[in-house]
Amino acid sequence: MITHLLLDIEGTTCPVSFVADELFPYARQRLGPYLDEHGSAPAIQALIQDVDAAWAADPAREAADLRQRLRSEEGPLKARAVVPYLEWLIDHDIKLTALKDLQGRIWQSGYGSGDLIAPLYADVPDALRRWHSQGVVLAVYSSGSVPAQKLLYGHSQAGDLRPLFQHWFDTRSGLKQQPQSYHSIAASLGVSPRQVLFVSDSLAELQAADATGMAVLFSDRDGNPARDPGRFERISNYSHLRLDDGLLRT
């Protein structure tokens, strides 16, 4: 019996292009000005220290060379000093938790001003409402921070869809390619993994979830960089996904 539906976001409910071509550039362009304005706040200071510590420990030669050139000075750490490393992380698609937090704070401003509106796939809003009305427990598991997830679903072209979800998970629950992360999520949901259906566009994530006993579906959407579902069933339109009696039908 499937009672819980766990959804990825990018390439699953929202186009990859929105994240890659709009959200990431929006935050990147505003990192320096945002840190100039808010860098003295205790919460931001803590994030800056986390970023600097990650930079110091980063084993990548490029990151070490960048630090040697730009962070050799002594004295108090200035907020803008970590911007080059944050930009390097973005360019290499490295999902540092502190970076995700900062991006989410910048996106909050963009969503609030109307600069950003999340373009969910056309079939997603109705599907979410249908599953919710049928009593399916909806949850999100994304590499983006929980605040960023809530911003996206709170500012979609279909309005505020946050009330449809009961649970939100990010990389604080573990890496998405590791089975233990899905065991932890199922425990947080209070159910057996076999009661959870996970939908993602990542084959490695599906393999990890499948290893725990979760049901899985491969999200195959136009524009996704990966289109090979491996041994898993694919889905490209959620109007075809039925869970009304606890049984999975596509």
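The values are calculated or read from the model by the stated rules, or taken from the named source; none is laboratory data. In this text, all values refer to a predicted model and were calculated from it rather than measured experimentally. Cβ sites come from the backbone with ideal geometry, for glycine too, and all protein chains shown count toward neighbours.
Return yes or no: is Asp123 in contact with a Ser or Thr (Cβ under 7 Å, 6 or more places away or on another chain) and in the same structural domain as Leu189 (by TED's automatic domain parsing)? Spelling it out, Asp123 is indeed in contact with a Ser or Thr (Cβ under 7 Å, 6 or more places away or on another chain) and in the same structural domain as Leu189 (by TED's automatic domain parsing). Is it the case that Asp220 is charged (D, E, K, R), under 18 Å from the mean Cα position of the chain (by Cα) and either farther than 22 Å from Val124 by Cβ or surrounded by fewer than 21 Cβ atoms within 10 Å (Cβ to Cβ) (or both)? Taking the combined requirement at face value, the residue satisfies it.
Rundown of residues vs (1) over 27 Å from Arg221 (Cα atoms); (2) exposed (fewer than 15 other Cβ atoms within 10 Å of the Cβ), yes/no style:
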position: Val51; (1), (2): yes, no
position: Ala57; (1), (2): yes, yes
position: Leu66; (1), (2): yes, no
position: Leu70; (1), (2): yes, yes
position: Pro84; (1), (2): yes, no
position: Leu89; (1), (2): no, no
position: Trp107; (1), (2): no, no
position: His132; (1), (2): no, no
position: Ala158; (1), (2): no, no
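Restricting attention to the stretch 223-239, the residues that are more than 21 Å from Ala208 (Cα to Cα) and crowded, with 17+ Cβ neighbours inside 10 Å add up to 1.
Pairing residues of the stretch 23-36 that are assigned to a helix (DSSP H, G or I) with residues that are of a type in the set (Gly, Ala, Ser), at Cβ distances under 7 Å and at least 6 apart in sequence or on separate chains, gives Tyr26/Gly110; Leu35/Ala79; Asp36/Ala79. Taking the criterion of being more than 22 Å from the chain's Cα centre (by Cα), assigned to a loop (DSSP other than H, G, I, E, B) and without any contact (Cβ under 8 Å) to a residue 40 or more places away in the chain, the residues of the stretch 236-250 that qualify are Asp245, Thr250. Applying the condition of being in a helix (DSSP H, G or I) and closer than 12 Å to Arg105 by Cβ to the stretch 37-57 and asking which residue is farthest from the chain's Cα centre (by Cα) yields Glu37. Filter the stretch 217-245 for residues that are under 17 Å from Phe198 (Cβ atoms), out of contact with any Ser or Thr (no Cβ under 8 Å at 6 or more places or on another chain) and of a type in the set (Lys, Arg) and give the result. Once the filter is applied, which keeps residues that are under 17 Å from Phe198 (Cβ atoms), out of contact with any Ser or Thr (no Cβ under 8 Å at 6 or more places or on another chain) and of a type in the set (Lys, Arg), the stretch 217-245 yields only Arg231. Cβ-Cβ contacts under 7 Å between residues 6 or more apart (or on different chains), taken from a first residue in the stretch 105-117 that is closer than 10 Å to Ala27 by Cα and not assigned by TED's automatic domain parsing to the domain that holds Gly144 to a second residue that is at pLDDT 95 or above and of a type in the set (D, E, K, R), are listed as Ile106/Arg30. The residues listed here are Ile185, Ile235; of these, the one that is farther than 17 Å from Val16 by Cα and touching a Leu at 6+ places or on another chain (Cβ under 9 Å) is Ile185.
Candidates are the residues of the stretch 184-232 that are among the β-branched types (Val, Ile, Thr) and in contact (Cβ under 8 Å) with a residue 40 or more places away in the chain; the one that is nearest to Thr3 (Cα to Cα) is Val196.
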